[in-house]
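The values are calculated or read from the model by the stated rules, or taken from the named source; none is laboratory data. These figures come from a predicted structure and were not determined experimentally. Every residue, glycine as well, gets a Cβ built from its backbone with ideal geometry; the counts of neighbours run over all protein chains shown.
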Amino acid sequence: MVQVVLPNDANPLGFILGGSVMHLIDIAGAIACHRHTRTLLVTAAVDGLQFLHPIKVGDLIILKARVTAAWNTSLEVEVEVFSEETLTGVRRMTSRAFLTFVSIDREGRHVQIPPLIVETEHEKTKAREAEVRRAARLEARKELEARCR
Ligand SMILES: CC(C)(COP(=O)(O)OP(=O)(O)OC[C@H]1O[C@@H](n2cnc3c(N)ncnc32)[C@H](O)[C@@H]1OP(=O)(O)O)[C@@H](O)C(=O)NCCC(=O)NCCS
């Protein structure tokens, strides 16, 4: 996904707002997951997010999303964010995020999703790493639920 950063999305310093980047990450991740599942989805989790460099008004924000693992009704997507200076073409990675989406139908019931075909060594590594992140996420969710009781 590519967009130009417009003044409406920026803070007084002329840099894109963190919240605007988060919104675009959610959208890019959802698109990749919709293409895998062809179902409705909700965002279940977003892992810790960092902003390494600002992106200024007039530059491009580029988001690359790829599904890393699919389980029964949920899947993980990695979204990488880059800035690209319009006048020079210089590109820098500014953020990386892992999101989990859950597949649902119109009544809110969870829906089984297709498995992800992992072929290359790179894809297999990504999928293995996703298992570790999933375990940590479910643990964090359990802790939060216990605190909210
Ligand atoms: C996310 C949500 C659908 C989970 O539903 P639930 O019935 O509590 O969850 P379950 O324990 O049955 O888990 C369903 C699946 O989601 C996964 N999941 C649930 N919460 C998760 C979390 N915090 N992180 C990672 N995966 C999670 C489970 O591992 C399970 O995956 P699997 O079927 O692939 O094994 C529910 O909590 C919800 O609707 N949350 C609000 C979502 C929302 O409003 N998002 C923002 C707007 S889209």
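Summary table below
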item: Output for region 92-113, where each listed residue is in contact (Cβ under 8 Å) with a residue 60 or more places away in the chain, within 12 Å of the ligand (Cβ to nearest atom) and not polar (S, T, N, Q); result: Leu99, Phe101, Val102, Ile104, Asp105, Val111, Ile113
item: Flag if Met22 is aliphatic (A, V, I, L, M), within 29 Å of Ala135 (Cβ to Cβ), surrounded by 14 or more Cβ atoms within 10 Å (Cβ to Cβ) and at pLDDT 95 or above; result: yes
item: Members of region 36-53 found to be more than 16 Å from Ser103 (Cα to Cα) and surrounded by fewer than 16 Cβ atoms within 10 Å (Cβ to Cβ), listed by number; result: Asp47, Gly48, Gln50, Phe51, Leu52, His53
item: Ala65 vs. criteria modelled with pLDDT of 95 or more and within 9 Å of the ligand (Cβ to nearest atom); result: no
item: Identity of the residue in region 75-131, acidic (Asp, Glu) and part of a strand (DSSP E or B), that ends up nearest to the chain's Cα centre (by Cα); result: Glu78
item: Matching residues in region 84-133 - criterion: being loosely packed, with under 14 Cβ neighbours inside 10 Å, of a type outside the set (A, V, I, L, M, F, W, C) and in contact with an Asp or Glu (Cβ under 7 Å, 6 or more places away or on another chain); result: Thr86, Arg91
